[in-house]
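In what follows, a single structure is set out as structure tokens and then discussed.
The values are calculated or read from the model by the stated rules, or taken from the named source; none is laboratory data. None of the values given here were measured: they were computed from a predicted structure. Ideal geometry is used to build each Cβ from the backbone, glycine not excepted, and the neighbour counts take in all protein chains shown.
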Amino acid sequence: MKLSLPLLWLVILSILFLEFVPPASADDAVPSDRVKIDVSIRERPERNSPRLGALRPGERAEYLGSVPRWHKVRLQNGKIGFISKGWTRIVPTGDSGEFTIDILDVGTGLAILVRGKDFALIYDGGSNDDRKLGKNNRFLAYLKAVAPNLKTIDHVVLSHPHQDHVELLADVFKNYQIRHVWDSGKVHPICGYRALLTAVLSEPSVTYHSSLHGFTVEIIKIGKMYCRPNHLPETVIKMPHGSRISAEPVPLGEGASMTFLHSTVQQKKSPNDSSLVVRLDLGKHRILLMGDAEAGGRKSPDTPPKAKSIEGLLLACCMEDLRAELLVAGHHGSLTSSRKAFLEAVGAKIFIISSGPTKYGSVVLPDEEVVSELKSRGKLFRTDFDDEACRKNPVKIGSDNDGKPGGCDNIRIVIKGDSALEVKYWQGSD
Ligand SMILES: [Zn+2]
Ligand SMILES: [Zn+2]
């Protein structure tokens with residue numbers, strides 16, 4: 001059928017409109033690293049469309065959304081145009097808060113970046129299904145995308161040595177100056193943990209803290225193992241030791257501290273039971289990071305926590321210290337954690353679950369009962385939405401369209417003074 005010209009335009013415009021994806025939040029488009037001179041901004045999303053302007057390296061344009069192969073942007077002069085996705089990346093608009101907390105979508109795992117004006121902290125960095133290292137390490141790609149000027153990471157906290165918390169961390173030491181490492185002290189013979197300890201040892205400027213003895217040197221024995229691509233011999237790591245982790249708040253920067261609410265000197269059978277539970281005090285706001293702390297076996301949220309579980313111990317020792325506005329739920333939203341009695345003591349109204357599609361034992365987390373319980377108490381944000389579509393996403397953080405579930409549903413918390421926490425999803429590219 002032959003369409004009249006106005007009708008044809010109507011069809012084209014409606015196709016563009018239908019495929020137009022608005023941005024998740026306030027973001028900017030910036031030239032990608034391979035842009036040497038500039039990248040054109042066109043009037044329409046077509047190569048031959050008139051040029052409205054250009055972005056040079058170091059310049060930004062407000063990101064308004066995307067259509068196939070093009071980002072829609074607003075220039076400094078207010079004009080609206082289109083810029084090629086192949087030559088740009090999307091980054092969050094410059095830091096506008098005093099503190100920013102990013103929960104990265106690393107597939108099935110946990111990775112958190114906390115920044116103030118004068119410090120940066122990482123809490124965990126691992127994945128069970130998105131474990132490419134080196135230049136394909138999605139955690140590194142995320143750090144570079146959201147904080148391109150970051151050189152020093154003051155604190156790296158490893159809640160416990162499971163692959164989904166540690167595997168991506170060692171690479172961070174090759175790219176940033178690290179000042180302090182906080183380790184549960186639980187020795188678990190897996191490649192990521194071994195690589196982390198080796199990285200710490202190779203950087204004399206790092207101060208290593210753990211829950212263990214606090215002797216000058218910590219002796220850590222790790223058996224032989226196969227870690228891609230090498231067989232590694234048995235090793236004894238003699239770690240020069242800083243302070244033992246205590247309940248005293250650790251100053252982070254202006255108006256900010258972290259307090260370890262749980263650490264244990266005992267070598268628990270399950271690494272989860274050694275999880276370092278950290279409360280961040282950022283201005284007047286409190287955020288609770290649970291790692292994989294548990295309350296007992298897989299039981300309904302109605303069940304009281306077992307007395308010797310981390311939730312049970314915290315309820316017995318530290319009710320007042322637990323109060324927080326935002327809770328990053330323990331163990332990826334599993335029925336092993338987040339019991340009603342514990343949630344009541346924390347009193348949070350905002351919850352975050354970091355999880356993905358890979359099974360833990362026989363289950364994919366989070367568990368629906370925990371999701372419902374958290375939703376009944378406030379707002380819930382999750383990193384595991386769209387995991388299947390995310391595998392083929394052509395524009396995400398880190399390697400695109402790589403078959404992996406990570407890189408799409410990142411969560412950002414911004415703190416501005418005493419006003420309420422701002423929490424939003426952030427979906428960008430690099
Ligand atoms: Zn975990
Ligand atoms: Zn774990």
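Can you tell me which residues in the stretch 327-345 are outside any loop (DSSP other than H, G, I, E, B), away from ligand 1 (no atom under 16 Å from the Cβ) and buried (at least 24 other Cβ atoms within 10 Å of the Cβ)?
Step one: of the stretch 327-345, the residues outside any loop (DSSP other than H, G, I, E, B) are 327-328, 330-333, 340-345.
Restricting the remaining residues to those that are away from ligand 1 (no atom under 16 Å from the Cβ) gives 340-345.
The answer is PHE342, and nothing else.
Exactly one condition in (1) closer than 24 Å to ASP384 by Cβ; (2) not assigned by TED's automatic domain parsing to the domain that holds SER257 is not met by GLY81; state its number.
Unmet for GLY81, out of (1) closer than 24 Å to ASP384 by Cβ; (2) not assigned by TED's automatic domain parsing to the domain that holds SER257: (1).
Listed here are the residues, each with its yes/no results for (1) within 22 Å of HIS165 (Cα to Cα); (2) among the basic types (Lys, Arg).
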| residue | (1), (2) |
| --- | --- |
| THR259 | yes, no |
| PRO271 | yes, no |
| LEU289 | yes, no |
| ASP292 | yes, no |
| LYS299 | no, yes |
| PRO305 | no, no |
| ILE310 | yes, no |
| LEU313 | no, no |
| ALA316 | no, no |
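I'm trying to understand the selection: among the residues of the stretch 275-295, which are in a loop (DSSP other than H, G, I, E, B) and modelled with pLDDT of 95 or more?
SER275, LEU276, MET290, GLY291, ASP292, ALA293, GLU294, ALA295
Which of the residues that make up the stretch 147-177 are touching a residue at least 60 places away in the same chain (Cβ under 8 Å), in a loop (DSSP other than H, G, I, E, B) and away from ligand 2 (no atom under 14 Å from the Cβ)?
Scanning the stretch 147-177 gives a single hit, LEU168.
Scan GLY107, GLY185 and give me the residue that is in a loop (DSSP other than H, G, I, E, B) and within 15 Å of ligand 1 (Cβ to nearest atom).
Only one candidate qualifies: GLY107.
Check the stretch 209-217 and report whether any residue there is under 30 Å from LYS117 (Cα atoms), in contact (Cβ under 8 Å) with a residue 24 or more places away in the chain, within 16 Å of ligand 2 (Cβ to nearest atom) and assigned to a strand (DSSP E or B).
No.
From the list SER243, SER205, which one is closer than 28 Å to LEU282 by Cβ, outside any strand (DSSP E or B), among the small types (Gly, Ala, Ser) and over 22 Å from the mean Cα position of the chain (by Cα)?
Numbers: SER243 fails: outside any strand (DSSP E or B).
That would be SER205, the only listed residue that is closer than 28 Å to LEU282 by Cβ, outside any strand (DSSP E or B), among the small types (Gly, Ala, Ser) and over 22 Å from the mean Cα position of the chain (by Cα).
Within the stretch 204-222, is even one residue within 16 Å of ligand 1 (Cβ to nearest atom) and in contact with a Ser or Thr (Cβ under 8 Å, 6 or more places away or on another chain)?
So far as the stretch 204-222 goes, no, none of its residues is within 16 Å of ligand 1 (Cβ to nearest atom) and in contact with a Ser or Thr (Cβ under 8 Å, 6 or more places away or on another chain).
What residue, of ARG44, ARG69, ARG56, ARG115, is of a type outside the set (Gly, Ala, Ser), at pLDDT 90 or above and farther than 30 Å from LYS404 by Cβ? Spell out the reasoning first.
Details: ARG69 fails: farther than 30 Å from LYS404 by Cβ; ARG56 fails: at pLDDT 90 or above; ARG115 fails: farther than 30 Å from LYS404 by Cβ.
Selected residue: ARG44, the only one of ARG44, ARG69, ARG56, ARG115 that is of a type outside the set (Gly, Ala, Ser), at pLDDT 90 or above and farther than 30 Å from LYS404 by Cβ.
Is there a residue in the stretch 296-307 that is among the β-branched types (Val, Ile, Thr), at pLDDT 95 or above and not in a loop (DSSP other than H, G, I, E, B)?
So far as the stretch 296-307 goes, no, none of its residues is among the β-branched types (Val, Ile, Thr), at pLDDT 95 or above and not in a loop (DSSP other than H, G, I, E, B).
Return the pairs, sorted by first residue and then second, in which the second residue is part of a strand (DSSP E or B) and of a type in the set (Ser, Thr, Tyr), the first residue lies in the stretch 258-280 and is in the same structural domain as TRP182 (by TED's automatic domain parsing), the beta carbons are less than 6 Å apart, and the residues are 6+ apart or on different chains.
These pairs meet every condition: ARG279/THR259.
Looking only at the stretch 313-326, filter to residues that are assigned to a helix (DSSP H, G or I) and under 28 Å from SER419 (Cα atoms); which one of those is farthest from the chain's Cα centre (by Cα)?
Among them, the one singled out is GLU320.
Can you find a residue that is hydrophobic (A, V, I, L, M, F, W, C), away from ligand 2 (no atom under 16 Å from the Cβ) and surrounded by 23 or more Cβ atoms within 10 Å (Cβ to Cβ) anywhere in the stretch 261-272? Lay out the reasoning, then the answer.
We begin by selecting, within the stretch 261-272, every residue hydrophobic (A, V, I, L, M, F, W, C); these are 261, 265.
Next, from what is left, pick out any that are away from ligand 2 (no atom under 16 Å from the Cβ): 261, 265.
Retained after the next criterion (residues that are surrounded by 23 or more Cβ atoms within 10 Å (Cβ to Cβ)): none.
Scanning the stretch 261-272 turns up no residue that is hydrophobic (A, V, I, L, M, F, W, C), away from ligand 2 (no atom under 16 Å from the Cβ) and surrounded by 23 or more Cβ atoms within 10 Å (Cβ to Cβ).
Check ILE415, ILE397 and return the single one that is under 16 Å from the mean Cα position of the chain (by Cα) and either of a type in the set (A, V, I, L, M, F, W, C) or away from ligand 2 (no atom under 16 Å from the Cβ) (or both).
Values: ILE415 fails: under 16 Å from the mean Cα position of the chain (by Cα).
When all the criteria are applied, what remains is ILE397.
Select from the stretch 123-146 the residues that are within 16 Å of ligand 1 (Cβ to nearest atom) and not in a strand (DSSP E or B) and list them in ascending order.
Selection gives GLY126, SER127, ASN128, ASP129, ASP130, ARG131, PHE139.
Please find, within the stretch 277-320, the residue that is surrounded by the fewest Cβ atoms within 10 Å (Cβ to Cβ) out of those that are β-branched (Val, Ile, Thr) and within 16 Å of ligand 1 (Cβ to nearest atom).
VAL277
Has the stretch 76-96 got any residue that is without any contact (Cβ under 8 Å) to a residue 40 or more places away in the chain, β-branched (Val, Ile, Thr) and away from ligand 1 (no atom under 16 Å from the Cβ)?
Yes, the stretch 76-96 contains at least one residue that is without any contact (Cβ under 8 Å) to a residue 40 or more places away in the chain, β-branched (Val, Ile, Thr) and away from ligand 1 (no atom under 16 Å from the Cβ).
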